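The structure appears right after this line, and notes come after that.
Read-outs throughout are calculated quantities, based only on the coordinates presented, and are distinct from any laboratory measurement. From a predicted model like this one, the values you see are computed outputs, not experimental measurements. Backbone-built Cβ (ideal geometry, glycine too); neighbour counts: all protein chains shown.
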Amino acid sequence: MSKHRGYPSLFTRHPTNPILTANDWPYPVHSVFNPGAVRLVGGTTLLLCRVEDRRGHSHLCAARSANGIDSWIIDESPTFQGDPVDELWGVEDPRITFMEDLGKYAVAYTAFTKGGPGVALALTEDFRKFERCGLVMQPDDKDAALLPRKVDGEFALLHRPVSDTGAHVWLSFSPDLRNWGSHRLILQARKGAWWDANKVGISPPLIETSAGWLMLYHGVRTTAGGCLYRIGAALFALDRPDRCLARGDSWIFGPEASYETIGDVPNVTFPCGYTVGDDGDTLHIYYGAADTCIGLATGSIREILSWLEANDSLTSYSIPPPHP
Ligand code: BMA
């Protein structure tokens with residue numbers, strides 16, 4: 001494993017990054033970033049990209065590639081647009097989960113409503129036709145993803161509501177994907193000088209491993225020069241996804257390359273999707289860089305888990321107690 005400033009590099013940027021930019025789009029767009037990702041049956045990688053137009057409104061557009069790196073086939077027009085009334089300022093930051101019981105993909109996304117950003121869900125089998133579930137978490141709430149199967153008979157949704165106490169990751173449960181309750185605080189933003197003080201949110205959906213659900217989450221550091229969006233790791237129990245087993249002390253991926261440090265919003269690395277290679281270990285994260293373009297970085301699930309074990313900081317902040 002290579003090192004950067006003495007720290008292990010858990011992710012390697014693809015040499016052709018950024019792999020997708022606005023210039024690749026078949027119709028006029030301002031920027032493309034924060035894609036959800038999935039490997040379809042047959043191996044094709046599908047990215048559901050957030051695409052921003054010159055009004056500042058976003059829609060989602062699908063790009064497909066056999067190798068997940070290049071030769072993308074991009075839909076000729078927007079794939080999924082905001083509902084003109086309920087999502088009038090657009091749809092952002094999709095996270096895709098294949099729902100084992102439903103045999104469908106669920107897309108959790110940020111719906112920009114008149115009341116601010118909230119969490120909405122849609123189901124699809126082919127990323128061409130969508131069944132909208134509408135807003136499931138009212139504003140201010142974003143950074144949502146479903147778990148692929150029910151926990152104790154209920155669907156489980158990670159999301160990030162904002163309150164006076166900060167922006168933390170919550171887990172909520174539903175019998176039908178529409179009515180949500182049994183809310184649990186599962187990952188708190190730290191305080192003070194920490195890289196993930198005050199504001200955290202999941203990045204891609206949780207990654208199932210033999211050790212537990214691996215969460216890659218973003219932490220936001222507010223500085224005099226603007227916000228820094230970096231990625232850290234935590235682990236949750238497979239049968240009790242509200243129970244945090246480990247949390248890394250430092251970030252493991254952050255803005256360094258010029259396309260990550262320069263753009264509409266500088267110093268942002270924001271993955272919303274991942275795929276896993278045929279070996280079951282190679283992890284590809286697809287991320288928005290500086291809210292402008294899309295990068296690909298590759299790591300090893302095994303190495304991230306070993307790093308987490310060696311750099312676990314659970315003792316240095318307060319974890320919410322597991323539910324009885
Ligand atoms: C977050 C989200 C992301 C965005 C990031 C940096 O709050 O809105 O869509 O990439 O800010 O601007």
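So here's what we get for this one:
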| item | result |
| --- | --- |
| The chain - percent relative contact order, Cα under 8 Å, separation 6 or more | 16 |
| Interchain or long-range residues, amide H under 5 Å from residue 300's placed H | 283 |
| Residue of 88, 147, 158 that the Gaussian network model of the chain assigns the largest fluctuation, springs spanning Cα pairs under 10 Å | 88 |
| Hull-based mean projected area of segment 21-139, where the convex hull spans the alpha carbons, in square nanometres | 7.2 |
| Cβ charges +1 (Lys, Arg) and -1 (Asp, Glu), total dipole of the chain, debye | 580 |
| Cβ-Cβ FRET estimate between residue 114 and residue 197, R0 fixed at 30 Å, reported to 0.05 | 0.45 |
| Gyration tensor (alpha-carbon) shape descriptor, the chain, a/c threshold 1.5 | rounded |
| Least to most buried among 183, 57 (fewest other Cβ within 10 Å first) | 183, 57 |
| Sorted by Cβ density within 10 Å, fewest first, the residues 95, 132 | 132, 95 |
| Choice from 167, 66, 193 showing the highest fluctuation, given a GNM over the chain with Cα pairs closer than 10 Å | 193 |
| Angstrom value of the Kirkwood radius, inverse mean 1/r, which spans all Cα pairs in segment 179-279 | 14.7 |
| Sorted by Cβ neighbour density within 10 Å, fewest at the top, the residues 182, 71 | 71, 182 |
| Value of [θ]222 nm, deg cm²/dmol, for the chain, DSSP H segments ≥ 4, -39500 (n - 2.57) each, nearest 500 | -1000 deg cm²/dmol |
| Global form of segment 167-215, assessed from the alpha-carbon gyration tensor, a/c cut-off 1.5 | oblate |
| Listed residues 139, 28, 161, most fluctuating in the chain (Gaussian network, C-alpha, under 10 Å) | 28 |
| Lys/Arg +1, Asp/Glu -1 at C-beta; the chain dipole; positive extreme among 32, 116, 266 | 266 |
| Label point at residue 53 placed 7 Å out along Cα→Cβ; residues across segment 130-147 whose backbone nitrogen lies under 16 Å | none |
| Net length gained if the chain between residue 85 and residue 262 were fully extended (0.36 nm per residue, minus Cα distance) | 60.3 nm |
| Given charges at beta-carbon only (K, R positive; D, E negative), |dipole| of segment 105-153 in Debye | 140 |
| Within straight-line cross-link reach of residue 191, lysines at Cα separation under 18 Å, skipping those fewer than 8 residues along the same chain | 199 |
